[in-house]
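A short write-up of the structure that comes next.
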Amino acid sequence: MGIRTDIASESKILKEKIPNGVSQNIETIDGVKIVNIKIENEVGSKKLNRAIGTYITLEHSNMLLPENSEIITKILVNELKKLISNKHSILIVGLGNKNISPDAIGPFVADKIIATRHLKGVLADELGLSQLNAVSVIAPGVLGQTGIEAFEIIQSMSKKINPDLIIAIDALAAKSIDRLGTTIQITDTGISPGSGVENKRAEISKNTLNIPVIALGMPTVVDMETIISEMCPNQNLSASSSMMVTPRNIDQIIARSSSLISNSINQALFPSLSPKEINSLAS
């Protein structure tokens, strides 16, 4: 069985030797470990079994404590700005199921994003918001709720509003329990929702939508089969093949992480606004 993880830096091959076609840079800023992995070509893509592109992880054992939010936000905003570049029309997509706690990060983040695409003309001028990026927000739900693939909703919406960039937020799966609520991954390769828990849906990426896609998420689950296979390689795995592990305090993790991520996205998209103005508009 292969290790199920959405986190690029958990690839076993990176622990042994950085393969051809892959580069990795690791730095620590104020206690936050930043791992920047770039898959440069098809050789590296095959080695890591991931798409060509950039994968950035922020790691901190106490990431969601209030006293660490300022530094985590600052670093996350900085990394997002690099990827957002000069894009001005952005569609934010909160992937997942709001009714299932480990899968609720996406919709909860979407609730707190400042939507500005509708602010135009005299209204925007009167509010002093005419120079802001045009931001749209959707939370498409999941197939079991709507009968429609999230990809189909995003594709239809993208054709209508034609954004320069899509930012998709989703809950992720990790290999290590220690990563739950302590890691954020950002990538410019898009995402296949549910891939880490073997419920892979249609890919949301530039390849499928012809629009750049940034995917951002935090691990909230670990596959029990993955845990057992790491700890007890010879153990019979059949009884655990459909079990997922999530922390007891998952509701707190979702609440704090969604606030952290949404605030960081808002600051990255609206650099001319102060944190106080952002909090006012997002509330």
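The values are calculated or read from the model by the stated rules, or taken from the named source; none is laboratory data. Computed from a predicted model, the values in this text were never measured in an experiment. All Cβ positions, glycine included, derive from the backbone under ideal geometry; neighbour counts span all protein chains shown.
Conditions (1) farther than 21 Å from Val142 by Cα; (2) at pLDDT below 95, marked per residue:
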residue	(1), (2)
Thr187	yes, no
Pro193	no, yes
Gln235	yes, yes
Ser257	no, no
Asn266	yes, no
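Can you tell which of Ile148, Ile186, Ile154 is within 18 Å of Pro107 (Cβ to Cβ) and not in a loop (DSSP other than H, G, I, E, B)?
Among Ile148, Ile186, Ile154, only Ile154 is within 18 Å of Pro107 (Cβ to Cβ) and not in a loop (DSSP other than H, G, I, E, B).
Testing Val32 on (1) modelled with pLDDT under 95; (2) of a type outside the set (Ser, Thr, Tyr); (3) under 18 Å from the mean Cα position of the chain (by Cα), one condition comes back false. Which one is that?
Tallying (1) modelled with pLDDT under 95; (2) of a type outside the set (Ser, Thr, Tyr); (3) under 18 Å from the mean Cα position of the chain (by Cα), Val32 fails exactly one: (1).
Kindly provide the set of residues from segment 21-57 that are crowded, with 18+ Cβ neighbours inside 10 Å and either of a type in the set (Ser, Thr, Tyr) or part of a loop (DSSP other than H, G, I, E, B) (or both), ordered by number.
Within segment 21-57, Arg50, Ala51, Thr54, Tyr55, Thr57 meet the criteria.
Could you grab me the full set of residues in segment 20-56 that are touching a Lys or Arg at 6+ places or on another chain (Cβ under 8 Å) and within 13 Å of Ile184 (Cβ to Cβ)?
Tyr55
Name the residues in segment 58-82 that are crowded, with 19+ Cβ neighbours inside 10 Å and farther than 23 Å from Asn279 by Cβ, would you?
Within segment 58-82, just Glu59 meets the criteria.
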